[in-house]
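Structure record follows, encoded as structure tokens.
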Amino acid sequence: MLTWRGHQLLFSGDAELASWKKMQSFNVLRPVNFVKISHHGSHNGTPADSILEAFLPAAVGSANRTAVISTWNDTYGGIPSDTTNARIAQRCTLTSMLDDKTVKFIDTFFDG
């Protein structure tokens, strides 16, 4: 997790369920403004709602929060997971490489 100009940014890499549980046990997860969704949006890269709540609390709503998925269809089996990504999209603005297959990267902008 990084703080940049007052914004909390979480880059979760290839964190899987065991990693998320470990982060929760160390109490290091905090609400964020941005998260790079782990493991290309797979079902095993996004934690249960009880852990997701620590960094993307549902009560806050989606305003000023962004999640990005670096993924591609048919690269790995079951990735991206539509069910998992729908859970994330309820908590923030979700952007994926699949939104526009002509782009090679996603720009994310923050106020300030």
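FYI, it's all coordinate maths here, none of it is from the lab. This structure is a prediction, so every number in the text was calculated from the model and none was measured. Note that we place each Cβ from the backbone using ideal geometry, even for glycine, and neighbour counts take in every protein chain shown.
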Full extension between R87 and F109 adds, at 0.36 nm per residue less the Cα distance, a length in nm of 5.6 nm
Between the modelled labels at H43 and N27 (7 Å from Cα along Cα→Cβ) the distance in nm is 3.3
For the chain, percent of DSSP beta bridges that are antiparallel (nearest 5) comes out at 25
Among (1) 7.0; (2) 6.4; (3) 12.2, the entry matching mean projected area of the Cα convex hull in nm² as calculated here is (1)
Each label sits 7 Å from Cα toward the beta-carbon; between D14 and D74 the label points are separated, in nm, by 2.3
Residue by residue through the stretch 76-87, the couplings from Karplus 6.51 cos²θ - 1.76 cosθ + 1.60 with θ = phi - 60°, in Hz, x for Gly and Pro, are 10, x, x, 10, x, 8, 4, 5, 5, 5, 5, 4
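Taking the Cβ of each residue in R5, R91, R30 as the centre, tally the other Cβ atoms inside 10 Å and list the residues starting with the fewest. Walk me through the intermediate numbers first.
Values: R5 8, R91 21, R30 11.
Final ranking by Cβ density, sparse to dense: R5, R30, R91.
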From fewest to most C-beta neighbours within 10 Å, the residues T75, T66 line up as T75, T66
The size of the Cβ-based charge dipole (Lys, Arg +1; Asp, Glu -1) of the chain about the Cα centre, to the nearest 20 debye, is 300
Amide H proximity to A67 below 5 Å, modelled H, separation 5+ or other chain, gives V35, T93, L94, T95
Plugging the Cβ-Cβ distance of I51 and D99 into 1/(1 + (r/R0)^6) at R0 = 30 Å yields, to the nearest 0.05, a FRET efficiency of 0.70
